[in-house]
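Asker: First the structure, which I've put down as structure tokens, then a few questions once you've had a look.
The values are calculated or read from the model by the stated rules, or taken from the named source; none is laboratory data. None of the values given here were measured: they were computed from a predicted structure. Neighbour counts run over all protein chains shown; Cβ positions are idealised from the backbone, glycine included. To get the accessible areas, we keep the full protein, side chains included, count just its heavy atoms, and leave off ligands, DNA and RNA. Shrake-Rupley method; radii C 1.70, N 1.55, O 1.52, S 1.80 Å.
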Amino acid sequence: MNSNKETSTFHTFGDVQEKYFAYISNPDDRALIERAYKFADDKHTGILRKSGEPYIHHLIEVAYILASLQGGPHTIAAGFLHDVVEDTAVTVDDLKTIFNEDIASLVESLTNIQRLKLSHRKPEDFAAEDHRKIFLGMARDIRVIIIKLADRLHNMRTLQALSPTRQKVLAKESLEVFAPIAHRLGMFEIKTELEDLSIQYLEPEKFQMVVDQMDKRTKNREKSLDEVKKKIADMLLQYHLNFSIESRVKGIYSIYRKVFIQQHNFDEVYDILAIRVVTDTVAHCYEILGYIHAMFTPLSNRFKDYIAAPKPNLYQSIHTTIIAKDGQVFEVQIRTKEMNELAETGVAAHWRYKEGTNYSPQKEQKEIEEKLFWFRDLITLADKEGDAKEVMENLQKDIFEAQVYVFTPKGKLVELPNGSTPLDFAYRVHTGVGHAAVGAIVNGSLVPLNTILKTGDVIEIRTSNSSPGPNEGWLKIAHTATAKNHIRKFLQKKNNDMLREEKIIKGKQNCIDAFREHGIGEKEMLVLVHQPKVLEKFDMPTLDDLFVGMNNRNPAPAAIIEFLNIKKKPMFTLGKKPLQANKSAVLVPSAGKVAITLGSCCTPIPGDDIVGFITKGKGITVHRIHCPNISQSKNRLTDVVWNDQLETSLHPVDIRLESNDRQNLIVDIMGVFSQLKVSVTNLNAMLHPTTQTTTVNLTILVTDAKRLNDIFNVLLNIAGVYEIHRVTH
Ligand code: MN
């Protein structure tokens, strides 16, 4: 494919049809392509390219390139439609409805790549290497890469319409980003043309110099070349081998590289002209090699067998360099027809549309990736230069180990290691954003914080001021060291805060115990110690601070009791009954001695609002006032109160916790209980796969409702836990 020739070529839809009619005969597929063409033509009506020609010309040329590569109906249709979302009011959803999901998804990827406007970014933003990764990472489907290469090829062919500045930017990008990708995919024709066009704009003078030199040398060698070709042909005819022979001028850019970058003298560049012998079988390739080496002297260090050890981009051929009688040097390439097709169009040869087979883009993609993997093993046998190995390693890195490049809603690029999650992104943006993160919107949809980010994702972090902040589980979600460090620091601080919570509870308990010894219950105690004069006297800003102090007996509860001038009283009960007379946790003011049991349905605990239910012959059962089991029997209810004078004891209570499913959820829950010294007597967990949530049922032992409330607050801080409630059976 010679660039100068192709630049002036101008095709019609009929030309495209002629190309794909040759291998697509299904009337539905043909109609689909034609529909895509007409749709694009209609939608782009009135839009002109920079060159002044109607936009549809560009789309026809892109489709023509794709049909020349024997792309499938969806690929050619997507070629026609590739700019319709970016340049007109048509949406991806429209394409889903009007065409199909596959075509819409191809156009969507191409539009996303286009919207990154990579060539509009400043060069210092990122290197060509990153740029390639972004492109490969976003394309994901080999067809997207090939459509993009066809798009870029035509834009390069018509580059003269743009300003000199844009010409240079696009040429540089084509040379550094798109040509290497074409090379790695073995798409030699597109690669060569992109390179030659790029260098023509980047280094016009040197380009011209190479062209002139090549013309001169080709002419000088024409006679010699013809002689060599004739000799080879005559010999092969004699052996009745099936073959064709032609000569090829090397790409201008490859010569430019040898002369201007590798600093070779023009005379040292042997392979400006290559003779190519194409035959039918691999055995014949080696046979032909033998005959040629018998007839001409080979240059010993320039023999390469890419048939035994293919290049990672699938290229296969035998290369040998021979010296003609007159001393001229020629490279000879020997290969089969299949290898020749592969050498021209690379993966496109594999990807070539075959009618009648059950086409699946996923299967195709997998096949191509497997092929490339498969070749990695072969490289151990590869040439000594190590070139193939390096190419393969880079390809592997590009496709499989890339950093991911993601964007803020405002389009700022954020680079993260592969495997990063929205949490890493949040902490990269700002520590505060990380701490307050409650969810993430990736490409417009709400996703869990442990979603693995992909290149091209646009990420918005949802934050909440009431977020409990990071928890242990976040350490497993975060991938980057920075995010993990921020989370650890936060947890340390929270741990200190949690200790304070515990100190308050313990200090308060000390206080309750001390006051109870003086015949004063919890409620009265709270009123007494909360007086401003008490806080002032012991220099405590808040009641909590006072309790924290009392935990360390500073002040000691006795000091407060003394300050308040409280004398030890005989222990009378609330209901004016001596404590010894009633050890029941609940008292029934209206009744005398009666059997009292706590309802196992709603597990009431001290502090709950309760009511008594008069049973038939089994005394009174105590229920929480909203217990559904008693709502139908209002006439059998009686007032009951908690026995304030009873020493604190533990009561079982059933609770249910709802959480997003995640690893180590139960471990974290049990961790909280052990930290708070809460006994758990029963636990079962249920996973709901459809909602990815878990329900955990627990029975725990607590002293009272206040304590339970404190425990709930700590449990709600566990990552993923979004609801806790008590259970009534
Ligand atoms: Mn385009």
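Asker: Which of the residues spanning the range 53-89 are part of a loop (DSSP other than H, G, I, E, B) and among the β-branched types (Val, Ile, Thr)? Break it down into steps so the answer makes sense when it comes.
Answerer: Initial filter on the range 53-89 (part of a loop (DSSP other than H, G, I, E, B)): 53, 55, 69-72, 82-83, 88-89.
Matches in the range 53-89: Thr88 only.
Asker: Suppose the filter is farther than 30 Å from Lys250 by Cα and either within 16 Å of the ligand (Cβ to nearest atom) or open to solvent by 40 Å² or more (accessible area, probe 1.4 Å) (or both); does Ile47 pass it?
Answerer: Working: farther than 30 Å from Lys250 by Cα: yes; either within 16 Å of the ligand (Cβ to nearest atom) or open to solvent by 40 Å² or more (accessible area, probe 1.4 Å) (or both): yes.
Here the answer is yes, as Ile47 does meet what is asked.
Asker: Tally time: how many residues in the range 164-187 are within 16 Å of the ligand (Cβ to nearest atom), within 23 Å of Gly71 (Cα to Cα) and over 25 Å from the mean Cα position of the chain (by Cα)?
Answerer: 1
Asker: A further question on this structure: Which residue is nearest to the ligand (Cβ to nearest atom), if the candidates are limited to the range 52-85 and must be touching a residue at least 40 places away in the same chain (Cβ under 8 Å) and farther than 30 Å from Glu341 by Cα?
Answerer: For the range 52-85, the residue satisfying everything is Val84.
Asker: Quick one: would you say Asp513 is more than 14 Å from Ala558 (Cα to Cα) and of a type in the set (D, E, K, R)?
Answerer: Here the answer is no, as Asp513 does not meet what is asked.
Asker: Among the residues of the range 219-239, are any small (Gly, Ala, Ser) and closer than 24 Å to Asn340 by Cα? Break it down stepwise before answering.
Answerer: Initially, the range 219-239 is screened for residues small (Gly, Ala, Ser), giving 224, 233.
From the residues that got through so far, the ones that are closer than 24 Å to Asn340 by Cα too are 233.
Yes, the range 219-239 contains at least one residue that is small (Gly, Ala, Ser) and closer than 24 Å to Asn340 by Cα.
Asker: Condition test on Ile504, is it of a type in the set (A, V, I, L, M, F, W, C) and surrounded by fewer than 16 Cβ atoms within 10 Å (Cβ to Cβ)?
Answerer: no
Asker: Any residue in the range 36-47 that's β-branched (Val, Ile, Thr): show its pairings with residues that are part of a helix (DSSP H, G or I) at Cβ separation under 9 Å, as long as the two are six or more apart or on different chains.
Answerer: Note: pairs meeting the criteria are Thr45/Ile56; Ile47/Ile56; Ile47/Asp87.
Asker: Output the helices (runs of 4 or more DSSP H) that fall wholly within the range 131-186 and possess 1 or more residues being modelled with pLDDT under 90 and open to solvent by less than 10 Å² (accessible area, probe 1.4 Å), or say none.
Answerer: Details: elements: 142-157, 164-173, 179-184.
Correct list: 142-157, 179-184.
Quick grid of which residues meet (1) modelled with pLDDT of 85 or more; (2) in contact with an Asp or Glu (Cβ under 8 Å, 6 or more places away or on another chain); (3) outside any helix (DSSP H, G or I); (4) surrounded by fewer than 16 Cβ atoms within 10 Å (Cβ to Cβ):
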residue: Glu364; (1), (2), (3), (4): no, no, no, no
residue: Lys397; (1), (2), (3), (4): no, no, no, yes
residue: Pro409; (1), (2), (3), (4): no, yes, yes, yes
residue: Val414; (1), (2), (3), (4): no, no, yes, no
residue: Gly419; (1), (2), (3), (4): no, no, yes, yes
residue: Tyr427; (1), (2), (3), (4): yes, no, no, no
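Asker: Continuing with the same structure: Go through the range 656-679 and count every residue that is charged (D, E, K, R), touching a residue at least 40 places away in the same chain (Cβ under 8 Å) and part of a loop (DSSP other than H, G, I, E, B).
Answerer: Step one: of the range 656-679, the residues charged (D, E, K, R) are 656, 658, 661-662, 668, 677.
Filter once more, keeping what is touching a residue at least 40 places away in the same chain (Cβ under 8 Å): 656, 658, 661-662, 668.
Okay, now just the ones that are also part of a loop (DSSP other than H, G, I, E, B), so 661-662.
Adding up the residues that qualify gives 2.
Asker: Out of everything in the range 516-537 that is over 24 Å from Val678 (Cβ atoms) and of a type in the set (A, V, I, L, M, F, W, C), what residue ends up being most open to solvent (accessible area, probe 1.4 Å)?
Answerer: This residue is Val527.
Asker: Among the residues of the range 682-693, are any of a type outside the set (A, V, I, L, M) and closer than 18 Å to Pro604 by Cβ?
Answerer: Taking the range 682-693 as the starting set, the residues that turn out to be of a type outside the set (A, V, I, L, M) are 682, 684, 688-693.
Checking the rest, the ones that are also closer than 18 Å to Pro604 by Cβ come to 682.
Scanning the range 682-693, I find at least one residue that is of a type outside the set (A, V, I, L, M) and closer than 18 Å to Pro604 by Cβ, so the answer is yes.
Asker: Does the range 86-102 contain at least one residue that is within 14 Å of Val144 (Cα to Cα) and more than 13 Å from the ligand (Cβ to nearest atom)?
Answerer: Yes, that holds for at least one residue.
Asker: Another one. Kindly list the number of the only condition in (1) farther than 14 Å from Ala483 by Cβ; (2) open to solvent by less than 50 Å² (accessible area, probe 1.4 Å); (3) among the hydrophobic types (A, V, I, L, M, F, W, C) that fails for Val438.
Answerer: So the condition that Val438 fails would be (2).
Asker: Could you list, in sequence order, all residues of the range 70-114 that are surrounded by fewer than 24 Cβ atoms within 10 Å (Cβ to Cβ) and of a type in the set (Gly, Ala, Ser)?
Answerer: Ala89, Ala104, Ser105, Ser109
Asker: Right, another one. Do any residues in the range 147-163 that are without any contact (Cβ under 8 Å) to a residue 12 or more places away in the chain and away from the ligand (no atom under 11 Å from the Cβ) have Cβ atoms under 9 Å from those of residues that are part of a loop (DSSP other than H, G, I, E, B) and open to solvent by 10 Å² or more (accessible area, probe 1.4 Å), where the two are at least six apart or on different chains, and which pairs are they?
Answerer: Listed pairs, sorted by first residue: Ser163/Lys50.
Asker: Name the strands (runs of 3 or more DSSP E) wholly inside the range 238-330 in which the number of residues that are β-branched (Val, Ile, Thr) is 3 or more.
Answerer: Working: elements: 243-249, 273-279, 318-323.
Result: 273-279, 318-323.
Asker: Return yes when Tyr253 is closer than 21 Å to Gln200 by Cβ and of a type in the set (Ser, Thr, Tyr) and no when it is not. Break it down stepwise before answering.
Answerer: Numbers: closer than 21 Å to Gln200 by Cβ: yes; of a type in the set (Ser, Thr, Tyr): yes.
So Tyr253 fits the description; yes.
Asker: Right, something else. Picking from Asp212, Asp280, which residue would you name as being touching a helix residue (DSSP H, G or I) at 6+ places or on another chain (Cβ under 8 Å) and either at pLDDT 90 or above or crowded, with 16+ Cβ neighbours inside 10 Å (or both)?
Answerer: Details: Asp212 fails: touching a helix residue (DSSP H, G or I) at 6+ places or on another chain (Cβ under 8 Å).
Only one candidate passes the filter, namely Asp280.
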